[in-house]
Structures are given as structure tokens and as C-alpha cells.
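The values are calculated or read from the model by the stated rules, or taken from the named source; none is laboratory data. Note that the structure is a prediction, hence the values are computed from the model and not measured. Reconstructed Cβ throughout: ideal geometry from the backbone, glycine too, with neighbour counts over all protein chains shown. The protein model used for the area step is the full one, side chains on, heavy atoms only, and it has no ligands, DNA or RNA in it. Shrake-Rupley method; radii C 1.70, N 1.55, O 1.52, S 1.80 Å.
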Amino acid sequence: MRSALAASLALSLAAAAASGADVVVRPSPETVHFGGWSARYPAVAEVNSGDVVHLWTVSGEPGGIPMDEWDVPRELRSIWAKRCGAEDGTQPGCLDRTHCPVPNCGAPGPHVMTGPVAVHGAEPGDVLKVEILTADPWVDWGWNAIRRGKGALGNLPEFDEPGTIVMPIDLAKRTARMPWGIAAKEGDGAKAEPSETTNGESQSREHGVEFPLNCFFGQMGVAPAPNLGEISSIQPGPHGGNLDNKDLAPGSVVYFKVNVPGAMFSAGDGHGAQGDGEFCVTALETSMHGRFRLTVLKAAASGAEMGAERGVAERGADEGSSTLASSTERSMFHPRSALTTPRATTRSHLVTMAFHESLDVAERDALLDMVRWLHAIVQSAAGSVTETQLYRAASLVADMRVTQVVNVKKGIHLRFPKAVLEGFVAGTSYETRYPNRSNNPNEAEDEAVGCEGLGFGSEGLDAEKLLAEIDAEKARVEKEIASVGAEIDEIARLLATAELGLTAAMEQEENSEMRRSRDRTREGADGDGADSSGGAKVNDDEHENDCGETPDEETVLKYFAEKGRKFVDMNADLVTQLADIERRVYEEAVAFMEDEATEEEKEEAKEWLAARRGEREDEGSNPAGGETDEDEEVVFAQGREAKERDEEKRKEQAAAAAAAEDERRRAEEAEEAERRETEEAAEAERREAEAAEAERRRAEEEEEARRKAEEEEAARRKAQEEEAARRKAEEEEAAEAARLKAEEEQEARRKAEEEEAARLKAEEEEATRRKAEEEEEAARRDAEERARLAEEKEAIRILEEEAAKRAKRREEARAREEAAAAEAAEAERARRREEDRVRQEAAEKKKEENEQEETEKKEENEQ
């Protein structure tokens, strides 16, 4: 497990170095914010628009992770030590971690976010485009917790047992294991290593059910508006925050409205896996490393581009995707669909998100935002589809999903397929928009997201990059084909040179043989006269030294046969090399066409290649077995004829291809001219209609912008008033609590003084014991009061409308307590008066008895 962790970390660092990112932020007490989102958090780093930032995040349940069994990162321990008071996250005074209260470590929420990172040039009103490039766990464990009274089934007693489960993660396989289920069979190599969880359940690193990871960041966002103060990390909102949307995996893009200078982006709450709904409050929470490209979109720039790019969608299917992307970004600033709540795009869908305590309200908001967003995109691309028509389209092809039901404000996200939108924007055909779609209508079409297949260094599907890689591959193949052509020319040259060399050698041998025959004939005719000539003798000796003994006919034939075999072998080798080169070229060409060629074209290419192989094998069989001069001549003739046939065939194919290309170009030019004439006429009519429509839209947009500005100003004022009212209520509650505490202390002192003066020594001891009990009870009530006030303060932030009701209930409770205290005090005073009366009566009676005794004694003495 640790080796997998080391490999994963090394791969991540290598990807970071290769990416050229200029900022890496690791978690520490100084580089994270704990439990909330606020505009007052200072930036921990700054990047330029378009830069890539690496964020390392941590996650763990304070007090819920067995430190002796799991490798808790030192970064997380240092954060816990500073914020919670202990390295394991337990709060001071918590005697038993299995029954500790849900820790918040002094923060409004439990999440740890790395950041914020400021983006240079971002200003309020801009849009921050966040491209999620990678999301990878960097520890080999994750955790899942159930909180008391929380979750989709938290109000049922059988699901109300709190506790934390730690699950092992296999970083190499990209899987995790639920530590329950059927144990592994003996002999499977599984070894149980039980671990005790915070609710007493037994778990194992090896036993249980394994499932794939689906990695994404649950928390992503920018700083909220300054007038909102600090927002709990539990609730999502317009700033982002606890989105918990599993569609926001690597390859997706999220858009946030900028509220403060620099945008201030943060991320955290890594999820190794989560289902839609996140029912038991938590997912597979884990520490993750992510790479994000942060780009600022300016309203002014998008507006300037809007008019310049109208009509781009009509240029064809090749530009459909780029047109859709630019229209999507411009639409963020459209007056009727301006970005207020985060939106996203995945590889195949547009996504809108909405959050509310009611799912009905959230689904309405998500659907309305999607319809208006689609309408703005189509408008910016010169389309004419109405909002009502897009509402119908959403009912036909869009999917609505419940993101989560546990973050106070529940989440809904709506997914609309890009392929359908491209039809509205670019007018592309069904085959172009669905190139790989199966004819089976029941086949699942959902895209794969998460860790599987994405890994380190993945930046998602980049169409421009993919096209550039295809062009580079085409250039490489063309270069290799040219190189092969040069090799073929070189082989042909070598063949010609070898043929000429053999012919010259044969002619030289024939001339030598003819000279030797003439010499022998001359020597026979001269006889002894040749012997008496010293000069002739010397020449003869020299000839014998040069040529040796005169060869016979058998030797000459053997010599030529050996020469012929050497040439045949060389020729066969060259032919084999040529066949191998042809095979390699055409196999690479077939492999390159694999995604584009039809099945018939592939089979045709394979048959042609097989035929070429057969021709080469036939051509190489005869030369290899050549034995005589006649066989060699046949082989040479066959080689020349094959080469001439190939050359003629190649020329014919080139001529036919050139003729077909000329014919195709002429047809395309004629079609293009006709299309342009039609388009120009239609364009003229469309422009006239657009001019009138643009004027009408401009007036509507100005009115809508004015109305929206008024609504925003009213909302801002209302938020300020609510914030002021909330603060005033908190101050009044604090003052009232201080007053009540002072009154209680004064009353206790007064009671103590009265009891000290009135009671006897025995009663004083009883009063002391009673006072201690009362002080202990007061301390308990005070602790309960503080806890209740803390809960009420958090509830006030979440549900402000309940503040008045809770205040009324508190007043009634105080009145009842004061009435009960007054009744108790009155009863105590009555009891004391009764005791005093009894004591007084007893004293008087005793006095009378004493007086009577004295009288009796006096009478006795007198007698």
C-alpha cells in the first residue's frame, strides 16, 4: 500500500513539473481556511489569468481517525493541533472519542479548504472560469461518517447511531473497499487486519466489497460578497462552496461570478466516491491533489466579440464546437441569463445548479437558469430558437438529478447534452454530432467521469489539441512515406548498378577468354620460333605469372555460375527489403485510417497488401534457386517487367487520382458558388430582419438591465438590513444573558448571607452542602445555556426567519423559570418562618416550664 502511495505521489510531482505550473499551494495552518467562506480571508498565493495552480487538500474527521493505524498527513495534524487543540482533532475535555460531540474546532463548518488564490485582474462582475485538469487522492485511506439526527434517514432511530468508518484506498487500482460484506475466502491471499471504528464496528483493510473511485472536489468556489460576512462551509450558494456535484470531475469546467477583486478561489473536501444524493451526510472523504486552470472572463471583451462572431455557426460542422464554446462564455454576461449561481460544462453536457431548502424551488431555479442560458447561447450564435422551444427541448433530452439532500440547502443539477445544442447553434447533421452512437436505443449514453482513465496529467478532451496531434501524425506519416520513397529509389538504383556491374563483368570475362583463346592459337602457330625469342619467352613467363594455368570450359562455367548466384542472392535480398518497406508503409497507413476508413476500404487495403506479398514471394522464389545463365536472364527479365508494371500502374493510379481530384474540385467550386449565392440572398433578408429584431432586443435588454439593477440594489439593502438586525439581536441576547447571570449571582450571595445569619451550626453545614449543589446546578445550567445559545446562533444564521419564535420561547422559558424560582423562594421563606415559630413556641413553653419549676421550688422552700 505504501509503495502504491509513493508511486502515486511521485507521478503527481512529475506531472506538476511537466505542466509548468507556476504556483503550488500545500496545506498548512497558514494556507487553509477552516469551516467557512468569507471575503475577509487573505490570499495565500496569486496567479495570472490562464495559469495553472496546484492545490493539495486534506480531509479527516477530528477525533475519528485511529492515528496508530492510518497514516494521517502531518499537514492535517498541524492544522488540527492549531485549530482544535490536539493533533488527532479531539477537543479538550473529551474523555471518550466514541462519544465526543461533533467537533467544529471553533469554525462554523467542518471542512478544510486550501486557499484562497487570487487571480490577477479579476474584478467584481467578471466571471472566473475554472478548468479542472486533475483530481487525485494522495493518501491510501478515506472516511465516511454518520452524524446524529442528520442525513436523509437521520430522523429514524435505527439510522441515528453516529460513527466514523475508515476505508482503504488502492491508489494503483484506483479503487476503495467498503469494510463490511462477505469476508474473503481462504486461499485468496486476503489477510484480515481488523480495525476498531468510532462506533465499535470491526473493519478490515482486505475484507469487504471493492468499488471504483470517482474523484472530484466537494468544495470549490470564490469569496462571497463582503456584506454576507462568513458563510458556513456546510451550505452551498452563489459563491459555490459545498457543491458536492460528482459531475465536476477532471475534464469539466466550472464558472463562478466574481464578487471581490482577485476572485479568491479555494478548493477542498476531496471526494473519492459519492452517489447523487450523498444520503448519510458524507461521501468517501479523502485528501486530494488537484490542478486547476484559472481564467478571467471580462464582460466588455465578451460583448465586443458578440457582434463580431454572429453567423459563425453557418460556416460548417468543423467550427461548431468552437462556436459553441465561445457562445457559452459570452452568454455568461447576457442581461437575461447573467451568471448568478455556478454553472458548468462537461465533455458532453451543459450543467446548471440550484440550492434551496425545498427541492421544488431548487428544481425550478435550475430549469429556469438552463432555459435562459441556452437561449442566450443560441442568440449569441445568431440562432432564432425561442425560450419556449428550448423548454420543450429540455423536457425531451435533459436530465435532472438530485445533487445532495444533506447540506441544509438541498441541491439540484440539470444536464443538457451539447450534441443537441450544437444542432441549434451550428446546424450540424445528426451523423456529425453523434459519430459513434449505437443504433441500439437502449444502450446507456452516460459519460464516464472520475478517476478512471483520467489520472495524473490529464487535461480532459481538448478538440484543438486533438486536431493538432492528428495533423502532426499525418505529417509524420507523410514524411515517412517520402523517406520510404527515397529508399525505394535507392534500391532501384542499386538494382540497376548491380545489373550493369554483372553485365560488365560478364563482358569482361568474355573478352578475357577471347584474348586467351587468341593467345593460345598464336602460340600453337609460332612453334619453336617463339621459344628461341627471349623477349617472347619473357612475355610468356609474365603471362603465366599473371593468369596461371589456362582455365578449361568447366572452370569458366563454374565461375559464371558462382557470380550469378551472388547477384541472385543480392537481388533477392533487395526485393525482400522492398517488400518489407512496402508492407510497413501500408500497414501504418491502414492503422492511421483505422478511425476514418470504412470496413470495405480496410478489407480492400488488406487484400491489396496480401496480393503484393504474394507477388514479392513469387518474384523471390526463382532467383533464390537460379543455377544457370538462362535462369538468371529469366529472373532479370521478370524483375524488370515487374518494376515496369508497377511503375505504369503507379502512373495510371496517380493520373486517375489527379483526374478525380480535379473533377471533385470543380464540383465543389460549382457547389460552393451556388451555395454562396443562396446564402448571400438569405443573409440579406436575415440582416434586415435582424436589424429590427436587434433594436427590439436592445430596448428589452436595457429595460431588463435597469430592472435587474433595481432588484439587486433592493436585495443588497435588504441583506444589509437583515445583517444589522441579526447583529443587533445577537448583542441584545448577549446583554440579556449577562444581566441574568449578574442577577443570579446577586441572589445567590443574598441567600447565602441570610442563611449564614439565621441558621445554627448544623444548619450552616447543610446550607454549605446545599449551596455547593446549587452552584453545580447553576454551572450545568450555564453550560447548557451556552451550548443552547451556540446552537441557536448557528440556527439563526441558517434559518433567520425562526429567530423571533425562538426568542419568544426563550422569554417564556425564562418567565417559567423565574416563577418557579420565586415559588421555591417563597416556599423556603414559609418553611423558615414555620421553623422559627416552632422554635419560639418551644422556647416559650420551656420558659413557662422553667418558671413553673422555680415557683414550685420556691413554694417548697417556704414550707
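The number of residues in region 33-76 being more than 22 Å from Gly109 (Cα to Cα) and not in a loop (DSSP other than H, G, I, E, B) comes to 7. Figure legend. Inter-residue proximity from region 150-162: first residues open to solvent by 60 Å² or more (accessible area, probe 1.4 Å), second residues not in a loop (DSSP other than H, G, I, E, B), beta-carbon distance below 6 Å, spacing 6+ or different chains. Indicated pairs: Leu153/Phe159. When restricted to residues that are out of contact with any helix residue (DSSP H, G or I) (no Cβ under 7 Å at 6 or more places or on another chain) and open to solvent by less than 40 Å² (accessible area, probe 1.4 Å), region 344-357 contains 3. In the set (1) modelled with pLDDT of 90 or more; (2) touching a helix residue (DSSP H, G or I) at 6+ places or on another chain (Cβ under 9 Å); (3) open to solvent by 10 Å² or more (accessible area, probe 1.4 Å), Val312 fails one condition alone, (1).
Considering region 378-400, the residues that are touching a residue at least 12 places away in the same chain (Cβ under 8 Å) and among the hydroxyl-bearing types (Ser, Thr, Tyr) include one that is surrounded by the most Cβ atoms within 10 Å (Cβ to Cβ), namely Ser380.
With respect to the conditions (1) hydrophobic (A, V, I, L, M, F, W, C); (2) open to solvent by 30 Å² or more (accessible area, probe 1.4 Å); (3) under 30 Å from Leu213 (Cα atoms); (4) at pLDDT 90 or above, Val449 lacks only one, and its number is (4). I'd like to know if region 710-732 contains one or more residues that are open to solvent by 60 Å² or more (accessible area, probe 1.4 Å), farther than 30 Å from Glu800 by Cα and either in a loop (DSSP other than H, G, I, E, B) or not small (Gly, Ala, Ser) (or both). Looking through region 710-732, none of the residues is open to solvent by 60 Å² or more (accessible area, probe 1.4 Å), farther than 30 Å from Glu800 by Cα and either in a loop (DSSP other than H, G, I, E, B) or not small (Gly, Ala, Ser) (or both). Before we move on, is Pro224 in contact with an Asp or Glu (Cβ under 7 Å, 6 or more places away or on another chain), at pLDDT 95 or above and either surrounded by fewer than 23 Cβ atoms within 10 Å (Cβ to Cβ) or part of a loop (DSSP other than H, G, I, E, B) (or both)? No; evaluated as a whole, the condition is false for this residue.
When each of Glu792, Glu774, Glu818 is tested for being of a type in the set (Asp, Glu) and closer than 30 Å to His356 by Cα, the lone residue that passes is Glu792.
For region 37-52, a residue qualifies if it is out of contact with any strand residue (DSSP E or B) (no Cβ under 6 Å at 6 or more places or on another chain) and within 20 Å of Glu794 (Cα to Cα), and the qualifying residues are Ser38, Ala39, Arg40. Considering Glu841, Glu834, Glu812, Glu775, the condition of being under 19 Å from Glu736 (Cβ atoms), open to solvent by 50 Å² or more (accessible area, probe 1.4 Å), without any contact (Cβ under 8 Å) to a residue 40 or more places away in the chain and out of contact with any helix residue (DSSP H, G or I) (no Cβ under 7 Å at 6 or more places or on another chain) is satisfied by Glu812 alone. Applying the criterion of being among the charged types (D, E, K, R) and not in a strand (DSSP E or B) to the residues of region 232-288, the residue that is surrounded by the most Cβ atoms within 10 Å (Cβ to Cβ) is Asp244.
Could you please find all residues in region 145-170 being farther than 16 Å from Glu285 by Cβ and among the aliphatic types (A, V, I, L, M)? If the condition is that a residue be farther than 16 Å from Glu285 by Cβ and among the aliphatic types (A, V, I, L, M), then Ala152, Leu153, Leu156 are the ones that fit.
Considering region 672-695 alone, what residues qualify as being over 45 Å from the mean Cα position of the chain (by Cα) and either polar (S, T, N, Q) or more than 23 Å from Gln379 (Cα to Cα) (or both)?
The first filter runs over region 672-695 and keeps only residues over 45 Å from the mean Cα position of the chain (by Cα), leaving 673-674, 677-678, 681, 684-685, 688.
The answer is Ala673, Glu674, Glu677, Thr678.
Pairing residues of region 357-377 that are aromatic (Phe, Trp, Tyr) with residues that are open to solvent by less than 40 Å² (accessible area, probe 1.4 Å) and assigned to a helix (DSSP H, G or I), at Cβ distances under 8 Å and at least 6 apart in sequence or on separate chains, gives Trp373/Ser331. On the stretch given as region 227-276, residues that are at pLDDT below 95 and aromatic (Phe, Trp, Tyr) total 0. Looking at Glu743, Glu792, Glu736, Glu785, just one residue is open to solvent by 60 Å² or more (accessible area, probe 1.4 Å) and in a helix (DSSP H, G or I), and that residue is Glu743.
For region 411-418, indicate whether the set of residues that are in contact (Cβ under 8 Å) with a residue 60 or more places away in the chain, open to solvent by 10 Å² or more (accessible area, probe 1.4 Å) and within 25 Å of the chain's Cα centre (by Cα) is non-empty. Yes.
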